[in-house]
1. Suppose we filter region A:49-87 for residues that are within 12 Å of chain B (Cβ to nearest Cβ) and either over 24 Å from the mean Cα position of the chain (by Cα) or not in a loop (DSSP other than H, G, I, E, B) (or both); how many remain?
2. Identify all residues within region B:13-35 that are over 12 Å from B:L242 (Cα atoms) and more than 9 Å from chain A (Cβ to nearest Cβ); write none if there are none.
3. Return yes when B:A12 is modelled with pLDDT under 90, under 30 Å from B:E227 (Cβ atoms) and aliphatic (A, V, I, L, M) and no when it is not.
4. Among the residues of region A:110-167 satisfying the criterion of being away from chain B (no Cβ under 14 Å) and within 27 Å of A:E88 (Cβ to Cβ), which is most open to solvent (accessible area, probe 1.4 Å)?
5. Which residues, taken from region B:235-266, are open to solvent by 30 Å² or more (accessible area, probe 1.4 Å), within 30 Å of A:Q27 (Cα to Cα) and either in contact with a helix residue (DSSP H, G or I) (Cβ under 7 Å, 6 or more places away or on another chain) or assigned to a strand (DSSP E or B) (or both)?
6. Any residue that is assigned to a helix (DSSP H, G or I), without any contact (Cβ under 8 Å) to a residue 12 or more places away in the chain, of a type in the set (K, R) and farther than 25 Å from A:R105 by Cβ - is there at least one of those in region A:334-342?
Amino acid sequence: MSQQAVNGVQSRGKVLTLDNMNPNVKQVYYAVRGPIVQRAVQIEKELKEGVKKPFTEVIKANIGDAHAMGQKPITFLRQVLALCSYPELLEDTKFPEDAKKRARRILDACGGHSIGAYSASQGIECIRQDVARYIEKRDGGISSDPDNIFLSTGASDAIVTILKLLVCGEGRDRTGVMISIPQYPLYSAALADLGAVQINYYLDEDKCWGLDVTELKRSLNAARQHCNPRVLCIINPGNPTGQVQSRQCIEDVIRFAKEEHLFLMADEVYQDNVYAEGCEFHSFKKVLFEMGPEYSNTVEMASFHSTSKCYMGECGFRGGYMEIINMDPEVKAQLIKLVSVRLCPPVPGQALLDLVVNPPQPDEPSYATFMKERTAVLAALAEKAKITEQIFNTVPGITCNPVQGAMYTFPRITLPQKAIDKAKAEDQAPDMLYCMRLLEEEGICLVPGSGFGQREGTFHFRMTILPPTEKLKIVLQKISAFHLRFTQEFS
Amino acid sequence: MKPVSFVRQVLAVCLYPELLKDNQLPLDVRQRAQRLLQACDGDSVGEDWKKVVVKLLAGVEGEIQTGVLTPTPGPHTLPKLLDECGVTMVPYQLMEDQGWALDLDDLHRALMVARGHCNPRAIYISNPGNPTGHVQDRKSIEEVIQFAAAERLLLLVDEVYQESVHGQGREFISYKKVLFEMGKEYSETVEMVSFHSVSSASFGECGLRAGYMEVVNMDPEVMHYVETLLCTNICAPVTGQLALDLMANPPKPGDSSYDTYTQELVLIRTTLSQNARRAQEFLNDLPGMSCQSAMGGIYLYPRLHLPSEIIEQAKKSEVEPDVLYCQRLLEGEGVLVGAGCQYGEKTGKHHLRLCTLVPPDTLDEVLARLGSFHLRLMSGTTSA
């Protein structure tokens, strides 16, 4: 007999309700796919059903999904993946030799020569070796150990895995994790899920979203009152802000991490997306090692990369990796155990990653086409970054920092007090009100800045620069016009 | 085992749409790929479906932990997964001498004991069973549903091997179907999540990492959080989702690929069924080994009746006897099988888990080597 029956209580209602579900999960929000996107999807359905709207399509500029916005996949990558999926095509003369060579090599490394087989949990060994070589080449020869490479299901998976290892303690000893504001909401969501303490450090909007060590210090000292800060997360190039940190800044952060005994997590998924003059991507690993053994032998770090961004944009494949530096060997053993629980990262994603780190070389048949396509994608993004900054800055009430890198713009919008009041009365963030109106009136889906974090009293939105150039120009114009209307309406 | 041609052809075309023009590929392959490419903006299910649901059940840290009843023996990744989510495992024992059937009495016992130290809120079922290969009959399924309803437990039903049923006279019936055939009193109240995957179906596409879950009677407010949690995984790999669609939507009679597809699937299924039978007979005949017939799934789970010397040696080496057995088998014969203690056995009984979804020649080789090793061990001629 159940307890309830014994107690004579009639049990109606669900076993699993909001009141008795995991309370941490209730704190998990992911603005990039939150309520505004749900409404966007609803509107798309309505359009399909023939409902009349002031627009004919919803432009989803909310998520960094390149292919969904028309970016073409890189031919070479898809040829090799097709060959891996259906190896009979290796007999097909349409496919170039260098693609076939790589497909054969990948298939040889797979169980039963099939990408359908489980791989080792840490990822296929020869791919990890290729990743290590790629890192060495990128970082001017600084050595990389394949055993410190963990392939993952997108970078998100690796990031959450490391956070899992780091979170412990109760009450005032609970692990605190420093993350930039604005931030990519995977971090806040993961921290909420794990019940870790989120420690915000503010990027400086007036200095092109630059990072200042004094702000890191302030944030850390304040946090020490109520938790045990152990981790510092940094996204470079930044999401949503797009800033590319200077070498000096990276050194400062590493020094700070060492002094304050923090584990560094460097999210570098946009490392190929650098557009602004005078900006250059410096990997945290490279800078760390160039700072000498006092740092390179001691600072514990994990760097993350992915196949979802850069010139590939292959978000759906869920390819990624992390490189761990100076991790305690006993903890590493635990990490290996942890990743084994979910068996292995998707093998097509691993195969794709292998091609990214092992692209066609100058003496290979696919090189010319590959470089042409790659250059075209990156050049288009650079152009769109510039256009975006220019057009937004012509609008009174919109201020836009240069989009130095990544795939987004995060302009600041001035909202009339009446709009702010209306939003508050409706228990809504003012920038959410703004974005919802934009969606309803123009069919453009953006993410309100409140989803990423921002200084109190400021408002922003995040827009991707992914739509094709001509469409992007139209989107920019529509947003500009909307902003003026909105400001008028609420003045 | 070979991948299913239709699946891989469609995947290849989806990956490299240039192949849409390739006349050497069957028409239905190209048409299906075209449709899928057009649809590639669909809804998604995260691959970590088990984790998502288990997470929701987890309680507040520090307070009394949520418990989930889990089968013993059961999937070996389950304990770690529950532990990761901060949830207590409450094992219930399956009945080996009845083909690994569920024991309702033991479910009650486990629940009673559990209530002393945690808050049991869900029951995990593996049907067909991993590693046991047991396929529940309708009566058993009804009993479990009634139990879950009476004791207010969420049903987590792992049905990933539903397409691998080969036992005589046994058929897979889904928990959902039984639930709905039990009338409104149950079908409108019992909360359930059932799972399936492309890893374990006749497709065997483990590397693609895709599956689905169907949620029944979940509180809509809680559903919102299922979606939120899945969001942070972004989506299941698209190649996996495509394979899933093909699994749910195979070629029909009249389609160009139908014949080849059907032949390949029949071959996989007959191989599995013949392998399971052949292996079970062979293993059961070995002295010191007994093996229940598997009705479904892709494993056999024979029991080892080990001589006391081996048990002693295992104690000295501080490993479980079945682990010692597996280590020696690996070293001596180059055959890797699973040790029963990984699947939750703590009763002092020892087992092996052997995969039967392999080409027949491979199975013969495995059985020959295993048999030879086992006989040597039992006659005391294997070195310590």
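The values are calculated or read from the model by the stated rules, or taken from the named source; none is laboratory data. A quick note: this is a predicted structure, and the numbers were derived from the prediction, not measured. Positions of Cβ are generated from backbone atoms using ideal geometry, with glycine treated the same way; all protein chains shown enter the neighbour counts. Calculation scope for accessible area: heavy atoms of the full protein, side chains included, ligands and nucleic acids excluded. Shrake-Rupley method; radii C 1.70, N 1.55, O 1.52, S 1.80 Å.
1. Qualifying residue count for the region: 17.
2. Matches in region B:13-35: B:L20, B:K21, B:N23, B:P26, B:L27, B:D28, B:V29, B:R30, B:Q31.
3. When the stated conditions are applied, B:A12 does not pass them.
4. This residue is A:E125.
5. Within region B:235-266, just B:V238 meets the criteria.
6. Yes, region A:334-342 contains a residue that is assigned to a helix (DSSP H, G or I), without any contact (Cβ under 8 Å) to a residue 12 or more places away in the chain, of a type in the set (K, R) and farther than 25 Å from A:R105 by Cβ.
Conditions tested, residue by residue: (1) modelled with pLDDT of 95 or more; (2) closer than 17 Å to A:R342 by Cβ; (3) not β-branched (V, I, T).
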residue: A:H113; (1), (2), (3): no, no, yes
residue: A:Y118; (1), (2), (3): no, yes, yes
residue: A:S143; (1), (2), (3): yes, no, yes
residue: A:A155; (1), (2), (3): no, yes, yes
residue: A:R172; (1), (2), (3): no, no, yes
residue: A:I179; (1), (2), (3): yes, no, no
residue: A:D193; (1), (2), (3): no, yes, yes
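This table checks each residue for (1) within 14 Å of another protein chain (Cβ to nearest Cβ); (2) modelled with pLDDT of 95 or more; (3) open to solvent by 30 Å² or more (accessible area, probe 1.4 Å).
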position	(1), (2), (3)
A:V339	yes, no, no
A:R342	yes, no, no
A:P346	yes, no, no
A:F370	no, no, no
A:V377	no, no, no
A:V403	no, no, no
A:R412	no, yes, yes
A:P430	no, yes, no
